[in-house]
1. Just the ratio, please: alpha-carbon radius of gyration of the stretch 103-171 over 2.2 N^0.38 Å, N its number of residues.
2. Across the stretch 317-323, in residue order, what do the Karplus-derived ³J(HN,Hα) couplings come to in whole Hz, using 6.51 cos²θ - 1.76 cosθ + 1.60 with θ = phi - 60° and x for Gly and Pro?
3. Grab the DSSP H runs of the chain that are 4 residues or longer, score each as -39,500 (n - 2.57), total them, divide by all residues and round the 222 nm result to the nearest 500 deg cm²/dmol.
4. Can you work out the base-10 log of I(q)/I(0) for the stretch 145-235 at q = 0.19, 0.22 1/Å, using the Debye formula on its C-alpha atoms alone?
5. Defining a contact as two alpha carbons under 8 Å apart and six or more residues distant in sequence, what relative contact order in percent does the stretch 157-275 show?
6. In the Gaussian network model of the chain, springs joining C-alpha atoms below 10 Å, which of 102, 249, 62 carries the largest mean-square fluctuation?
7. Using unit Cβ charges (K, R positive; D, E negative) and no other charged atoms, how large, in debye to the nearest 20, is the dipole of the chain about its Cα centre?
8. Over the chain, what relative contact order in percent results from Cα pairs under 8 Å that are six or more residues apart?
Amino acid sequence: MGCESEKETPHKPQPAVPRDAAAADALAASVVVDAALPRKVFVTGAGRCGECHDKMYDEWEVSAHAHAVSSPLYKAALVSAKDPTCDRCHSPLADAAPRDGVASEGVTCDVCHTLREPTPGVDGGGFRLAIDDMVKFGPRCDLKDHYFHRMGCSPEHKEAPICGSCHWWEPKGLPVFTEFADWRAGPAAKTPCQDCHMPKERAALATGSPVRTGVPHHGLLGLASDLRTRALGLEVAVRDDHGAVEAAVTIANTNAGHAVPAGLPEHRIIVRARVRDAAGAELALETRSLGRLLVDASGQEVPFWRATKVGADTRIQAGTAWHETFVFHPPAAGTVEVEVLYRGVSDAIAKQLGVSEIEEHAMTSARVRFGVPTATGRAQLPKTLTVKPPAPGKRPAR
Ligand code: HEC
Ligand code: HEC
Ligand code: HEC
Ligand code: HEC
Ligand code: HEC
């Protein structure tokens, strides 16, 4: 198949793997046979897939899926939880392949491209991995088999359940991962996860194959990894209330198909509202932290595997908005600044797990200037600033 398609894109380099009868031996070498299993298991490390699918490999390699076993936060969590059932979603190949090999790649190519019969469920759902044959399932049904693997036709790869079979889990009634359930009940239920998380480009599926349209990005956070900056709209209405500066902040979940923050219950949206004087010095700061607080029987915030109930849920549901009015008493002219940030884990849980490096990303922000107080109020007020989320970003030059 590779040979035929090369004619259409002669400028493409040759694949770095053999393409003749010897290829069959190369394939045999990549087949893992686990003595504990009664059958041959056909799984391959992502690096091997990447020899032909370099685009997908480069995008996946820096994604969270590639670090589902190795992220410092997960490693700390596993030490604390001591629960073998975590493997089901974080290392689905753990029972089939060496733990220090392909299984350590977490949610790797051969998890999603052998994944069949995804059945999302409140209890974590399930799926089957078709690893007893060298067939790779993908969304196209008109590709010719290749010597390295045969092509499996799976329109399901364009549908949400393939994601939902890991992205929904409410063990013992405790909502841990809810993005699939949120999405299904929300205003974007007709838009599959892939439409937002795997935007399409024109590209060759494999080295030497023709350029095709509709090739999905595997970073899962947009073409320029900027999905988080496109989730929320922000409105800051500032007015003078008898000399005090009143800032009414509205944060709208306009573009995520589910509650924000999504994912791990310990994720946080941090809202910082501050006033600076004209020279930029900070005069006042107010901070709010939005997300879910899972608590134990005594009401203390604990990681989800120790929690028994939801103490509070201040996530912004899809299509809804969060409001709060902050009142400041600045003596002179200055600016009101509102920053909205994503934080990878709450401070309390980071401390309990001993994790010190916490991921933080800007999501959106706004600045409103005001002047010195006058007899009728502050100069330049009232003022409303609306920050719309930017349109989908372009892929950065590679
Ligand atoms: C020796 C080269 C080579 C290797 C290695 C390789 N592939 Fe492929 N793969 C191809 C070619 C060629 C195509 C078809 C491309 C085309 O026709 O545009 C393809 C297509 C696919 C498709 C699309 C299937 C569909 O029906 O939509 C998937 C999914 C896929 N490969 C996954 C994998 C995975 C996972 C691995 C590693 C286990 C892998 N491939 C390793 C060459 C390779
Ligand atoms: C086999 C289970 C599994 C499947 C299938 C799966 N995911 Fe994930 N996903 C995970 C795990 C586990 C993580 C967390 C990895 C980590 O950070 O440790 C994750 C993380 C993510 C993230 C977070 C990205 C980031 O950078 O923080 C997004 C977005 C995501 N998945 C979307 C999807 C979408 C969309 C699909 C369907 C196309 C999907 N996932 C399919 C298990 C899965
Ligand atoms: C989290 C699950 C997941 C992982 C991990 C993953 N893929 Fe995919 N892949 C998908 C889905 C879903 C699609 C189809 C999305 C769509 O078309 O909307 C896809 C599509 C593809 C296609 C076909 C593209 C096309 O346009 O037909 C290839 C080839 C592919 N992936 C290769 C890889 C390789 C190589 C890796 C590892 C480096 C990998 N994938 C890792 C879920 C995954
Ligand atoms: C309408 C577009 C859209 C749809 C549909 C959508 N998402 Fe998202 N998703 C987003 C945006 C925007 C963000 C960034 C905001 C955030 O991080 O909470 C996001 C974030 C995420 C995260 C990252 C959480 C984190 O912060 O690490 C996960 C996981 C996720 N989505 C999974 C899914 C799954 C699974 C589906 C389908 C059941 C889905 N999403 C459907 C837009 C969408
Ligand atoms: C039903 C599937 C499923 C099971 C079972 C599961 N997880 Fe996850 N886990 C996910 C998904 C999906 C994500 C990604 C959501 C997101 O973006 O945070 C995730 C993310 C995480 C993260 C955040 C990782 C990071 O690097 O940000 C931690 C920590 C975590 N899980 C711990 C665990 C532990 C500990 C267990 C076992 C007690 C477990 N998980 C069991 C699906 C699962």
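1. Values: Rg = 12.9 Å, N = 69, 2.2 N^0.38 = 11.0 Å.
Here the Cα radius of gyration is 1.17 times the empirical estimate.
2. Those phi angles translate into 5, 3, x, 10, 9, 10, 10 Hz.
3. Values: 11 runs with 68 residues, N = 398.
Helix-only estimate at 222 nm: -4000 deg cm²/dmol.
4. -1.06, -1.24
5. Details: 152 pairs, mean separation 26.7, N = 119.
Contact order relative to length: 22 percent.
6. Of the options given, 62 has the highest mean-square fluctuation.
7. Numbers: 46 positive and 49 negative charges, 145 e Å.
It comes to approximately 700 debye.
8. On the way: 843 pairs, mean separation 57.0, N = 398.
In percent, rounded to a whole number, it is 14.
No lab work stands behind these numbers, since they all come straight from the coordinates. Being a predicted model, the structure only gives us computed values, none of them experimental. Here the Cβ is made from the backbone with ideal geometry for all residues, glycine too, and neighbour counts use every protein chain on show.
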